[in-house]
Each structure stands twice: as structure tokens, then as C-alpha cells.
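The values are calculated or read from the model by the stated rules, or taken from the named source; none is laboratory data. The structure displayed is predicted, hence computed values, not measured ones. Here the Cβ is made from the backbone with ideal geometry for all residues, glycine too, and neighbour counts use every protein chain on show.
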Amino acid sequence: MVTGAIGTPARPASARWRRRCEPYLYILPAFLPLVVFTYWPLARSLELSLFDWNMVSADRRWVGAANYTALLAAADFWLAVWNTGLYIVGLLLLTLVLPLGLGVLLNRVGGRLQPVYKAIFFSPAVVSFAVAAITWLWIFNPINGVLNQALGDLGVTGPAWLNQPGWVIWAITLICAWKLTGYNLVIFSAGLAGIPSEYYEAADMDGASAFQQFRHISWPLLTPTTFFVVVTTVIYAGQYTLVPIQILTQGGPNKASTNVVYLIYQYGFQFFETGRASALATVVFLMFLGVTLLQQRFLERYVHYDR
Amino acid sequence: MTGRGQPSAAATAGLHAVMIAGCVATLFPLFWMLSTSFRMPDDIATPGIALIPRPPTLENYRAAWRLTPLGLYVWNSMLSTVALMSSQTVTSILAAYAFARFRFPGRELLFGLFVGTMMVPIHVVMIPNYILVSRLGWIDTLAGLIVPQLSNAFGVFMLRQHLLTLPRELFDAAAIDGAGSWRTLWRIVVPVSRSPIFALAILFFLNAWNQYFWPFLVLTRPEVQTLPLGLQRFAGSEGGASWGPLMAVATIASLPAILMYTVGQRHIVRTSVTSGLKG
């Protein structure tokens, strides 16, 4: 209807054929890599999960669901699931309340400084996780790291953040929270800016306090935004903890900081249990599928580029 | 404070105080990285927190250059980043244009398949992809890093959203002038969409520059590694002892990203918030 509507009525068959192929040709360069490196491996992962294989040998043995049953019987797996839950809870605690509070305050800052504050809050998000991990390794250093020195000045003996089983998850969560806070703040701030100012003006006239306004206007109207932030944070906690874990602790000390995604890596690339790693990958995919589906539903609402 | 009406001067001051405190806390780790990178070893080992290096030195940067193949890391990072950014931007433009402009059988299904890939985390497919890339003989080559990521579904998604907002007449006018779809795309659609394309390109730059895990799997030799990998390797080999040179490498690895962010800050915040973060 758009192409071909105008022009000479009688076109040679080859031109019509070309016209029909046109859209597919435009799509192909983007589509091909996704088929080869996302859809095909997804199917292949499912296939590999049914075999006992070490990734290199020619000998590959069909084992049916044995990898899955072995996985569900493994203490490693349940520890990783438990830790994944801790990462999620920790990150939600740190990156839900603080960004929301800051967002409410930020939207009261008028004038030129608001975008400046916003840009600064967001900045950790653009630094590589590898850089963040190594920089925090230095900050967390138990001997002359700045964090424990500052705590020492306050009379508190800081823990050996990354080497102490009870602390390591929180230390890694803190690194992720540092990168995620500004990001969630920007989403909250956009959500808040979308609430019509008449509501607040009316509430002002009724003499509602700032807290009442938050409680009865901002909070309920932010529900979809809050939901989006929660979903994004859960995905983030599930996936992006992998890099700091790999760089800083390798899942230790004594597996205290491992999680499901890191376990896939270990099974696959350290223990060469390709089948079991693939089974775990499939389980992890299903675990997060519900959450990602929710996020996709919200994507349409948030993704639009306006100048 | 009286709601949103007219906050008092004290309330405004309090507000700015909270914001500034938040900003200081946010920037501190980056400041600490930068500050350490200019410190003498004695200065680093001295107990107590001194914010400014005394005296500032470039020795750590020289040491980093001596101790690591820094030039190679920078080169590999730049090469792969430029390749990924260009390829992802161009393939996104082409596909988004097709989805926004044409009607064709299977359009919804194909678009659904694009969106679907955004739900598959890299960790779920990394094993089969690693096997595939190694069978192609691409382990320890930049091809192994680049080829699996030649396109990006989010780019297609975002640009299509934008193109759908363009007035229909824009496409039709070009058709009346006898321009084919290819010419219309490059002479009309792309120029009027400069700013979302720019935003997307910067986002792709940052993702490529910062990415760690896939490169970590496929690039094992220092000659082909990128900066984030080099940083990790250096940290491992030094046992986390020479903080000055380590922070110098970290600073070098962050600078281009921070520079890009400063240039396109307005765009990046908006685009990356909707795309999810990588790296």
C-alpha cells in the first residue's frame, strides 16, 4: 500500500517480485544473527541437556532427564537458588526505596540543576562492571581500603567484605546497587513527572501534607512504574551479579556467593559437564521467563523516543 | 513545606543538600579510582583517608603501560566497539524501516521473534554459542566476539517505535518523487531520525565497550583481549596488590564510556533506561 501505489500500472514481473522481497531483504541482516546465535542455541541447549558430554570428546551419551534429576538432587543447585533469592531481596531492598525517595525529592528540584543531579546519579550505570568490580575491590580492601578505614574512624571494625561468608553477598549486592540506583531513580522520576500536576494543586488546596500527597497521589499512580522497576531489578539481580562474582570471588568463599548463573558457568566451563550445565541453563531460563514476560509487556509503554 | 506549591527557602536548601550528598556518594567510587591512579605507592599505603594525591604522579600510568599490553587492549576494545556499534546501528535501521513502512505476510510473527530474543539472557545460550564459535575456529579472534552480536533486537524495537511516529506523508512524498525505498530511507528517513539513531548508537557503543562476559569466554589470549578483560587479568596477576597501576587501567577503561556519556547524556539516560543495562 505504501510502495507500489504510485507509478506506472504495468510493471514487469521481475519488479513486482523484487517489491515483494524487499521488506524481507531489509530485515535479513538483523534477523540472521539472532536466529543463529539466539534461537538455534536455545534449541541446542535443550538438546544438550539430555546428554552426558564434556564438550570436547567425540563420545556423547544420551541420558534423558538424568541431568535434570541430578541437578534437583544437588546441594550446589539449591544453595545457588537460595543465594539468587538473597541477591534479589538485597537488591530490591537497596534499589527500590532509595531511588523512589530520591526521585520524589528530585522532581521537586526545579530549574537547571535537576538534569545535572539526574546525570550524576545515573553515571555509575555507564561504567563497565569489570571496572566497578575492581574499583570496589580496592574500596572493600580489609587492610587499607577506604571503606573500612572510614568505618574505623567511626569506631566500627569493618568486616572482610569479600572474604567473609556472611558478608560477601551483601558486598556484591552493594556493587550492583551502586550501578542500578541511578537507573531506577530515572525511571521513578519519569513516572512521577507523568502524574498531572493538577492532582497536587488540588491536594494543596485541601491542605494535604507532603506525605499525604505521596501516600494518596504519587504512590498509587506510580504502581505501573514501581512494578516495572521491581521486574527490572529482579532480572538484574539474577543476571548481572555474574560479572562481580566471577571477577571477585569465583563464587566463594566456600560457595557463599555463588548463584544460579555463576553455577551454569562453572558446570559448563570449569567442570566441563555440558549436559548438566545445559539443564541448569534451561531451568534458569524458565525461572526467569515469567519475570521477563512481564517486563516485555511494559516495554511498549516505556519505549518511545520523543525529542 | 507546603506540598508542591512554594517550598520555603529552607526546604529548598534542604532539598539541594540531600541531592548533593547523594551525588557525592554516587561519584565517590569513581573519584577514588581516579585519585588512586595518581598516587605514589607510599601515599596509597599510608593509613588515613587523603582525598587528593600528594604529590600527584603519572607513574602508575607508566607502570600500567610497562606491565600490561595496554596499547593492544585499547586497540582491541576500539576495534570491536566500532564494529559492533556500526553493525548494530545499521542492521537496526534497516529492519526497523521494513517493519514501520511495509506491510507484508509474516510481519507480526517476525517482529514477535525479534522481541522474543530480548527475553533470552546470554547465560542461557552461552554454552551452545561457545561450541559453535569454537567449531568455526573463532576462539581468540575478534570475529568470535563480534559476529554473534552483529544485530540487536532492542535497536530494531526502539527505532521502529520511533519510525511509526513519523507522518505517513514523509514516505509517500518520496514515492511521488519516484524515489525507491532505499533512497527514501537514506535521504529522508535517516536524516529526520538523526537523534534517536544517535541515541541508539551511543547505547550500542557503551554496551560494546563495557561488555565483559562473552569476551571473557571467547578471548583468552592477551593479544586479542579488550580493556575490561585486561583489567581483570592484571588484577589477577598482581594479586590485587598494586592499586595505583590497577586504578590507572580502570580509569583508562572508563574514560571513553564517560566521555560518550557526557556527549550524549540526554539521549543515553532515556534510551538505556528502556533497554536494560549491559556490561
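Overview of results
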{"item": "Any hit, segment A:237-256, residues being farther than 27 Å from residue B:210 by Cα and of a type in the set (Val, Ile, Thr)", "result": "no"}
{"item": "Conditions (1) of a type in the set (D, E, K, R); (2) closer than 24 Å to residue A:241 by Cβ; (3) within 13 Å of chain B (Cβ to nearest Cβ); number of the one not met by residue A:118", "result": "(2)"}
{"item": "Whichever residue in segment A:87-106 is of a type in the set (A, V, I, L, M, F, W, C) and free of Cβ contacts under 8 Å to residues at least 24 places away in the same chain and, among such residues, is farthest from residue A:257 (Cα to Cα)", "result": "A:105"}
{"item": "Selected residue (criterion: modelled with the lowest pLDDT) from residues of segment A:12-57 that are within 12 Å of chain B (Cβ to nearest Cβ) and assigned to a loop (DSSP other than H, G, I, E, B)", "result": "A:56"}
{"item": "Some residue of segment B:256-272 being modelled with pLDDT of 90 or more, crowded, with 18+ Cβ neighbours inside 10 Å and more than 9 Å from chain A (Cβ to nearest Cβ)", "result": "yes"}
{"item": "Qualifying positions in segment A:100-115 - assigned to a helix (DSSP H, G or I) and facing chain B (nearest Cβ under 10 Å)", "result": "A:101, A:102, A:105, A:106, A:113, A:114, A:115"}
{"item": "Tabulated pairs, segment A:203-217, first more than 15 Å from residue A:101 (Cα to Cα), second part of a helix (DSSP H, G or I) and of a type in the set (Asp, Glu), C-beta under 9 angstrom, 6+ apart or interchain", "result": "none"}
{"item": "Pick from segment A:172-195, criterion over 30 Å from residue A:248 (Cβ atoms) and aliphatic (A, V, I, L, M), ranking: surrounded by the most Cβ atoms within 10 Å (Cβ to Cβ)", "result": "A:192"}
{"item": "Every residue from segment B:69-110 that is in contact (Cβ under 8 Å) with a residue 12 or more places away in the chain, farther than 20 Å from residue A:34 by Cα, more than 9 Å from chain A (Cβ to nearest Cβ) and more than 16 Å from the chain's Cα centre (by Cα)", "result": "B:69, B:70, B:72, B:73"}
{"item": "Hits in segment A:154-165 - residues which are touching a residue at least 40 places away in the same chain (Cβ under 8 Å) and over 21 Å from residue A:128 (Cβ atoms)", "result": "A:163, A:164, A:165"}
{"item": "Residue in segment B:42-61 that is in contact (Cβ under 8 Å) with a residue 60 or more places away in the chain and of a type in the set (A, V, I, L, M, F, W, C) present", "result": "yes"}
{"item": "Residue in segment A:58-79 that is of a type outside the set (Ser, Thr, Tyr), within 30 Å of residue A:192 (Cα to Cα) and part of a helix (DSSP H, G or I) present", "result": "no"}
{"item": "Given (1) buried (at least 18 other Cβ atoms within 10 Å of the Cβ); (2) at pLDDT below 95; (3) more than 10 Å from every other protein chain (Cβ to nearest Cβ), index of the condition residue B:56 fails", "result": "(1)"}
{"item": "Selection count where residues are in contact with a Leu (Cβ under 9 Å, 6 or more places away or on another chain) and basic (Lys, Arg), scope segment B:122-181", "result": "0"}
{"item": "Set A:90, A:166, A:145, A:158: member being more than 11 Å from chain B (Cβ to nearest Cβ) and either over 24 Å from the mean Cα position of the chain (by Cα) or among the acidic types (Asp, Glu) (or both)", "result": "A:158"}
{"item": "Restricting segment B:111-121 to residues that are assigned to a helix (DSSP H, G or I) and either crowded, with 20+ Cβ neighbours inside 10 Å or of a type outside the set (A, V, I, L, M, F, W, C) (or both), the residue that is nearest to the other protein chains (Cβ to nearest Cβ)", "result": "B:117"}
{"item": "Residue count for segment B:15-61, restricted to those that are in contact with a helix residue (DSSP H, G or I) (Cβ under 6 Å, 6 or more places away or on another chain), under 18 Å from residue B:235 (Cα atoms) and not in a helix (DSSP H, G or I)", "result": "1"}
{"item": "Residue ID - farthest from residue A:230 (Cα to Cα), chosen from residues in segment A:49-92 that are among the acidic types (Asp, Glu) and surrounded by 12 or more Cβ atoms within 10 Å (Cβ to Cβ)", "result": "A:52"}
{"item": "Per-region count, segment B:121-131, residues among the hydrophobic types (A, V, I, L, M, F, W, C) and touching a residue at least 24 places away in the same chain (Cβ under 8 Å)", "result": "2"}
{"item": "Test: residue B:96 is touching a Gly at 6+ places or on another chain (Cβ under 8 Å) and surrounded by 15 or more Cβ atoms within 10 Å (Cβ to Cβ)", "result": "yes"}
